[in-house]
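Worksheet for the structure shown next.
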């Protein structure tokens, strides 16, 4: 069976593309690094790929706001390509900085390119947060978490602007339509607004959301940092048959893309 092709978007300041490339390769895809200038010049086209990835890092040095410059670049120069990609039912994932980009393009939460309806702002702690956290995988129609709903997973965060924030009516719409994919939880496994379990103060403990189709997902934690057992700080205590929590997310995406 032909491997799905994954476009790992590269820009100045991105620094998690290598790990994300490896994660999708391990999950069974064919990954390719594509610089945004290659898309702008049409040397490469999004039509060549089944999955588009906006990886973590600090695109353009997080000038103005995190992800802002890249979001403007995408909506200004690649709006048609992005619209066609989404209309074709293909998959898109934004991780950390990529999530910040997705909300600032308007692709999340409502696929309204150019209309910002949510944002990710500075952590309540006032500092960069980098550590492992626990997440609840919510019941949703998200392609990336099929079969994982209701489970608790462990992964890493690394961000300074990760607080999910929006108007109450937008939050209510996201909640009622089942588009919350991940929530930060405490040791008892329940969603929490308390630091440090919630590392940034996100409203409703939201760590990741998807659009109404479940094919576009953004999350602040880094699943690409846990696709090998030995990447976990307590890997010696993890049962041998445990699938690394991040790997399951990438496998779901690849399995779905294979059917396209």
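The values are calculated or read from the model by the stated rules, or taken from the named source; none is laboratory data. None of these values were measured; they are calculated from a predicted model. Note that we place each Cβ from the backbone using ideal geometry, even for glycine, and neighbour counts take in every protein chain shown.
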message: Going by what's in this entry, would residue 169 be described as in a helix (DSSP H, G or I), at pLDDT 95 or above and either in contact with a helix residue (DSSP H, G or I) (Cβ under 8 Å, 6 or more places away or on another chain) or loosely packed, with under 14 Cβ neighbours inside 10 Å (or both)?
response: yes
message: Regarding segment 206-223, can at least one residue be identified that is out of contact with any strand residue (DSSP E or B) (no Cβ under 8 Å at 6 or more places or on another chain), closer than 21 Å to residue 98 by Cβ and assigned to a helix (DSSP H, G or I)?
response: no
message: When you check residue 80 against the structure, is it closer than 19 Å to residue 205 by Cβ and out of contact with any helix residue (DSSP H, G or I) (no Cβ under 6 Å at 6 or more places or on another chain), yes or no?
response: no
